[in-house]
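This report concerns only the one structure given below.
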Amino acid sequence: MTASSLANSQLPRRESIGGRPAWLLRLRSTDVLLCLGANDALLLPYWGRSGGTDRPTDYVLHPQGNRPSHREFLDGQPVAYPVYGDALFKEVCLVVARPDGSRDTRLSFVEDRVENVDGHPVLDLVFQDELVGLRVTHRFQVFVEHDIVVRSATIENRGSELLVLERALTAALPLPPDRYDACTLHGTWGREFTLKRRPLAPGKLVVESRRGSSSHEAHPWFAIRPRDDESEHTGAVWFGSLAWSGNWICSLEVELNDAVHIVAGVQPFDFAWRLTPGESFTTPELAGGYSDEGLGGASRLLQAFEEEVWLPASHRDRPRPILYNSWEATNFAVGADQQIELARRAAAMGTELFVVDDGWFGARDDDFAALGDWTVNAAKFPNGLRQLIDEVHGLGMQFGIWVEPEMVNPNSDLYRAHPDWAYHIDGREPTYGRNQLVLNFARDDVREHLTEQLRRLLSDHGSIEFVKWDHNRAWTEVGWPERPEQQREVWVRHVRGVYAVLATLRREFPEVLWETCAGGGGRADLGMLRWTDQAWTSDNTDAADRLTIQYGFSRAHTPRAMVNWVTDVPNQQTGRIAPLAFRFHVAMQGVLGIGGDINEWSAEEIDEARRLIAQYKQLRPLVQFGRQYWLVPPTPLGPCAVQYVSPAGDRTVVFVYQMRGLRGAGVGRLHLHGLQPGRKYRRDADGVESTGAALMAAGIPAEAVDPRHPTPMLDWYSGFQVWTAI
Ligand code: GLA
């Protein structure tokens, strides 16, 4: 498809404001306006609801100007990519050092180009600094139907001297003067994706990772809303999700005129990138958008974008299988007979994919040894892995396996052979995390070796259908003494290296489904979700805590990528005891998995699990392929509810949960969303009928419809109801 075969109205339009070039990006319900300001600075004066206008000047009725005597200063102005050298004093996106030590850049507009990439219009705006010999191309890839613009920048050395990028962020998002709140996602191991909302005030709010991975502590996603607007379903929200799985930064700054200036990209701390003449550096992508349907609307835009555009194409449209994972059941003590027994029980319950987790390889009996040695432990699997794989296949399930390719234990054959392959500083004792070190994935030989190990694992066993790729420690002593000139590039080269290995293996083994994991959800970002199909959300499998974690995850990502296990009680992480059905209903919010020691489950528990898994199979098209609406976000007291609606709006499921209730508290109502107002719907459980309009206007009582508990219990009740158009 060429640019000319796209509808004209979809193409970014070259306009003019005051005789200077401007560009209007028109999406389904959003318009984005770009233009040139003083000294050719790229401005972004408008990103918001479409005003139904063809005239870009309609979006800039008010002067953008500064103090009359400082018209060329760009503070307080909506700069879309400020560079060090612009007349401004806020956070910049680009700092380029020349051999003479100067770091001043001034970009002039060169040209615009419109093309089509995979059926989506792309606007490239090219700028250059002749003095420095620098070219910067800003890319705006427009996903019209998804109301998402994906931005990146390519920085090219067109001169004759070495340039060093000391900072190369992806983009800036300016918002007009107003009072705003920032929503960001935070946590730690076992508590990922906790949504925090706080007012933006003069100064900066910086969210970031310096841990090597995108991290449990902060997630590379943000949303901005007008102050105190808490509505889930209405109100303006600007959002961004950075496709980067390493160190990153997002700075949200309130300028002195109350304008907001957000920048996001690769973490500049300890970063530098050498560009020799002719070389270029392309930043990670930032997917951004605007919704006036509240945080829920913003989440649904990102979710649909992941589902329909972003996730790896080979598995994008395939329902994710219900998996069994043996980690919580067996830890490192895996063995052929015990795994076969687990597999038989998992299959009898209706599980579709059986995954052997940590402990199957090398001399791996605990977390002190064997990372790096990706060959089958013959003592644990005397007949090889093949016996288990065949058994699993014979039971009608797929087979999956756990690896942690970027890590090495000092007690491993790999480390003994190549101690220099781990990051290290000569003469300094390393810091261990989980008794392991991080392999330098910036090195070609390290990547080639690990690719070959994984290739062998996958091809020797013929039909491994699933790989869980883990990453279990933050990086320290990140040294590469053999390459001092690339030392500050490792943060980026490593992450690119991981993507490259995944790309190679996906190409060679197109049927394999990949799961990203990092001690739970420490690297479940848009970057990894381009190369993996789903994410392990958290090592915390407590159903009550999971409600909050899964709610936060689904602000930024699709339920189709959110893996949840049902595990044993008392829960290993919290000691809490939730009923089996509650644990299942929570895990059903995304990709259902079972992670308990099912060899110990009673016949009644197995029976109940079989029934619940069969129900999930019925609901899976809604959960994994529908639109998600949080009707009541999780809180410690009172109900919580989430709804999924089919793309056509003709079928919906509503899950209701209450961990703890108050005797006498009235039953609130849940107003459904996304239905067809004029159609009649029937509730599957009892045949009750209502119209789409009534279900959305009057709603349904916020209680579980469970024939076994006609009066809902106050604590630990959960259930779901399905309504189908008739
Ligand atoms: C990490 C993962 C777990 C499990 C263990 C195995 O913590 O998040 O799911 O795979 O590693 O060591």
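The values are calculated or read from the model by the stated rules, or taken from the named source; none is laboratory data. A quick note: this is a predicted structure, and the numbers were derived from the prediction, not measured. When we count neighbours, we look across all protein chains shown, and the Cβ atoms used for this are built from the backbone with ideal geometry, even at glycine. Please note that ligands, DNA and RNA were not included when accessible areas were found on the heavy atoms of the full protein model with its side chains. Shrake-Rupley method; radii C 1.70, N 1.55, O 1.52, S 1.80 Å.
Between P220, G246, A201, the Cα set farthest toward the positive side of the dipole of segment 104-251 (charges on each charged residue's Cβ, about the Cα centre) is that of A201. Once C-alpha pairs closer than 8 Å and six or more residues apart are averaged by separation and normalised to the residue number of the chain, the relative contact order reads 9 percent. For segment 632-725, the relative contact order comes to 34 percent (Cα pairs under 8 Å, sequence separation of at least 6).
Taking amide hydrogens as placed 1.01 Å from N in the peptide plane, the amide H of L631 sits under 5 Å from those of A641, V642, Q643, each at least 5 positions away in sequence or on another chain. Once you sort the root eigenvalues of the Cα gyration tensor of the chain as a ≥ b ≥ c, which label holds: rounded (a/c under 1.5), prolate (a/b larger than b/c) or oblate (the other case)? Oblate. Computed with a 1.4 Å probe on the full set of protein chains, the accessible area for Y46 sits at about 60 Å².
Taking chymotrypsin sites (Phe, Trp or Tyr not before Pro) across segment 84-186, the ones in a DSSP loop with at most 14 further Cβ atoms lying within 10 angstrom of their Cβ are F89. Applied to segment 69-79, the Karplus parametrisation 6.51 cos²θ - 1.76 cosθ + 1.60 on θ = phi - 60° returns per-residue 3J(HN,Hα) values of 7, 10, 4, 8, 6, 10, 4, x, 9, x, 7 Hz, with x for Gly and Pro. When the residues L205, L592 are ordered by accessible surface, computed with a 1.4 Å probe over the protein chains alone, the sequence from largest down reads L205, L592.
Per residue, the convex hull spanned by the alpha carbons of segment 321-625 comes to 127 Å³.
For K617, K380, the ranking by accessible surface with the largest value first comes to K617, K380, using a 1.4 Å probe.
Close amide H pairs (under 5 Å, H built 1.01 Å from N) link F354 with Y324, Q398, F399, G400, residues at least 5 positions away or on another chain. Backbone geometry of segment 371-381 corresponds, through the Karplus equation with coefficients 6.51, -1.76 and 1.60 at θ = phi - 60°, to 3J(HN,Hα) couplings of 4, x, 9, 8, 10, 5, 6, 6, 5, 7, 10 Hz, x marking Gly and Pro.
Model label points for D292 and Q487, set 7 angstrom from Cα along the Cα-to-Cβ axis, are 5.3 nm apart.
As a quick test, which of the pairs K617/K680; K204/K468; K90/K196; K380/K468 have an alpha carbon distance above 29 angstrom in this structure?
Working: K617/K680 24 Å; K204/K468 37 Å; K90/K196 24 Å; K380/K468 20 Å.
Among K617/K680; K204/K468; K90/K196; K380/K468, the Cα-Cα distance tops 29 Å for K204/K468.
Loop-located trypsin sites (Lys or Arg not before Pro) across segment 199-255 with a Cβ neighbour count of 14 or fewer within 10 Å are R227, with loop assigned by DSSP.
Show S241, S463 ordered by accessible area, largest first, where the area counts protein heavy atoms only and the probe is 1.4 Å.
So the residues, ranked largest to smallest area, are S463, S241.
Amide H contacts under 5 Å for I262: L173, L175, E253, restricted to partners 5 or more places along the chain or on a different chain, H placed in the peptide plane at 1.01 Å from N.
Dividing the summed helix terms, -39500 (n - 2.57) for each DSSP H run of n ≥ 4, by the number of residues in the chain produces a 222 nm estimate of -6000 deg cm²/dmol to the nearest 500.
Secondary structure note: in the chain, about 80% of the DSSP beta bridges are antiparallel. Computed from Cα atoms alone, the Kirkwood hydrodynamic radius reported for segment 632-725 is 13.5 Å.
Loop exposure criterion: GluC sites (Glu not before Pro), DSSP state outside H, G, I, E and B, at most 16 other Cβ atoms within 10 Å. Applied to the chain, the longest stretch between such sites is 280-476.
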